[in-house]
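Read through the structure below, which is laid out as structure tokens, and then see the notes.
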Amino acid sequence: ILSVLATIVSYATARNASTTLLNQWPMIMAHDAATTYLTPGIINNWAKTQPSGGMFGLLACGARAFDWRPTLAADGTVYMHHSAVVIKVPMAQAMDDLVRWANQNNSTSPHDLIVLSVVDCTLENKASGNCVQAVEQLLAARNITIVSRSDLQTMTAQQATQRAKHVGGGAVLACVNCVVDHYNPAVTCAGFGGGTAEESLIYTCYNDSSTKAYPLNRMWEYIHNVSTVGPPLDGSFYTTQTLWQESASDVTIGELHGSDLLKDESKSQLNLLLKDRITSGLWNVTRVGLVEINNVCDGGVALKRVLDGLP
């Protein structure tokens with residue numbers, strides 16, 4: 001029975017890289033990836049979506065796509081940000097780490113293609129310059145292939161991997177403002193109200209919570225809706241944000257439970273639940289592109305295996 005189930009899962013998720021468009025090639029995306037460089041703290045705990053460990057750590061944990069948000073400082077240095085929180089690590093350092101991992105891994109399999117999705121490029125002040133131009137120059141200096149939204153319209157995963165092959169090994173590709181993110185702020189781990197009249201006025205997603213069904217069912221509904229819409233016809237990347245969003249209510253309740261964005265994921269085991277929904281057939285991922293998650297090192301490797309079509 002287990003062998004048959006493994007075969008079904010493999011057929012359901014495996015795709016031909018030479019015929020599958022890149023925006024329908026399943027990849028784990030690290031949400032707000034640069035927050036891996038944030039140090040823990042009262043404020044940072046509700047901005048830090050990824051565990052510490054840098055690009056090497058996130059790649060080792062299964063991430064192959066990165067939600068990347070640069071900001072250009074007045075002195076010309078490109079840093080990163082999560083909303084108003086600036087991550088004071090130069091983007092150049094992070095990209096050097098990414099390229100070094102690609103070179104050491106030295107794989108040109110489409111399953112190891114690295115995609116950098118650059119969004120929300122901001123300026124420290126109006127006199128800082130052109131953020132997008134500064135980012136593109138930084139990437140070009142490291143021989144990272146940059147493609148446009150129009151390039152993606154007909155690009156298969158295999159073509160992307162060949163085009164993105166790095167001179168030192170591996171394949172790294174970047175695109176600026178090429179993603180439809182399907183952001184839904186209502187999909188939080190915790191909040192006030194919800195559920196049935198018999199349930200508590202406060203709900204949480206935690207694995208030991210009697211009210212977890214409410215936020216989980218809302219997450220499953222969100223995933224179903226995004227999967228039904230499917231990929232954009234113009235070839236843009238698109239994400240299914242399979243992560244707990246944050247709100248004022250979520251933060252307030254989370255603080256009362258000693259939680260934060262990383263713990264919301266681990267206490268709910270969301271990444272493991274996603275993997276289980278794929279293997280059980282509850283989530284049809286045949287047209288899924290970027291599966292965007294928090295806390296990638298909690299279950300990311302196992303999730304990547306099923307997205308890659310492996311038992």
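The values are calculated or read from the model by the stated rules, or taken from the named source; none is laboratory data. Because the structure is a prediction, the values reported are computed rather than measured. For neighbour counting, all protein chains shown are included, and Cβ atoms are generated from backbone atoms with ideal geometry for every residue, glycine included. The protein model used for the area step is the full one, side chains on, heavy atoms only, and it has no ligands, DNA or RNA in it. Shrake-Rupley method; radii C 1.70, N 1.55, O 1.52, S 1.80 Å.
No other residue among G170, G129 is farther than 25 Å from L233 by Cβ, at pLDDT below 95 and crowded, with 18+ Cβ neighbours inside 10 Å apart from G170.
Conditions tested, residue by residue: (1) β-branched (V, I, T); (2) in contact (Cβ under 8 Å) with a residue 60 or more places away in the chain.
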| position | (1), (2) |
| --- | --- |
| I28 | yes, yes |
| A34 | no, yes |
| A47 | no, yes |
| P51 | no, yes |
| G54 | no, no |
| G57 | no, yes |
| G62 | no, yes |
| R69 | no, no |
| V78 | yes, yes |
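Right, G62: closer than 18 Å to D112 by Cβ and in a loop (DSSP other than H, G, I, E, B) or not? It is true that G62 is closer than 18 Å to D112 by Cβ and in a loop (DSSP other than H, G, I, E, B). Of everything in segment 261-281 that is in contact (Cβ under 8 Å) with a residue 60 or more places away in the chain and open to solvent by 20 Å² or more (accessible area, probe 1.4 Å), the residue that is nearest to T39 (Cα to Cα) is L262. Report whether or not T19 is modelled with pLDDT of 95 or more, surrounded by fewer than 23 Cβ atoms within 10 Å (Cβ to Cβ), farther than 30 Å from L310 by Cα and of a type in the set (S, T, N, Q). No.
Please identify the pairs in which a residue from segment 143-163 that is within 22 Å of V119 (Cβ to Cβ) and free of Cβ contacts under 8 Å to residues at least 60 places away in the same chain has its Cβ atom under 7 Å from the Cβ atom of a residue that is of a type outside the set (V, I, T) and open to solvent by 80 Å² or more (accessible area, probe 1.4 Å), counting only partners at least 6 apart or on another chain. Short answer, once both residue conditions are applied: T145/R163. Selection within segment 151-167: residues that are over 15 Å from S236 (Cβ atoms) and assigned to a loop (DSSP other than H, G, I, E, B). The member of this set that is nearest to the chain's Cα centre (by Cα) is A164.
Which one is nearest to D112 (Cα to Cα) among residues in segment 32-59 that are touching a strand residue (DSSP E or B) at 6+ places or on another chain (Cβ under 9 Å) and surrounded by fewer than 19 Cβ atoms within 10 Å (Cβ to Cβ)? Within segment 32-59, the match that is nearest to D112 (Cα to Cα) is N44. For C205, the test of being more than 30 Å from R100 (Cβ to Cβ) and either out of contact with any Gly (no Cβ under 7 Å at 6 or more places or on another chain) or free of Cβ contacts under 8 Å to residues at least 24 places away in the same chain (or both) is passed. The set of residues in segment 81-95 that are over 18 Å from R64 (Cβ atoms) and either open to solvent by less than 60 Å² (accessible area, probe 1.4 Å) or touching a residue at least 12 places away in the same chain (Cβ under 8 Å) (or both) comprises H81, H82, S83, V85, V86, I87, V89, P90, M91, A92. Determine whether segment 240-247 contains at least one residue that is surrounded by fewer than 22 Cβ atoms within 10 Å (Cβ to Cβ) and over 18 Å from the mean Cα position of the chain (by Cα). Checking segment 240-247: at least one residue is surrounded by fewer than 22 Cβ atoms within 10 Å (Cβ to Cβ) and over 18 Å from the mean Cα position of the chain (by Cα). Among the residues of segment 121-131, is any part of a strand (DSSP E or B) and within 21 Å of T35 (Cβ to Cβ)? Yes: segment 121-131 contains one or more residues that are part of a strand (DSSP E or B) and within 21 Å of T35 (Cβ to Cβ). Here segment 250-303 is the region considered, the condition is being touching a helix residue (DSSP H, G or I) at 6+ places or on another chain (Cβ under 7 Å) and assigned to a strand (DSSP E or B), and the residue that is farthest from G230 (Cα to Cα) is I293.
With the structure loaded, tell me whether E246 is at negative phi and at pLDDT below 95 or whether it fails that test. In short, yes.
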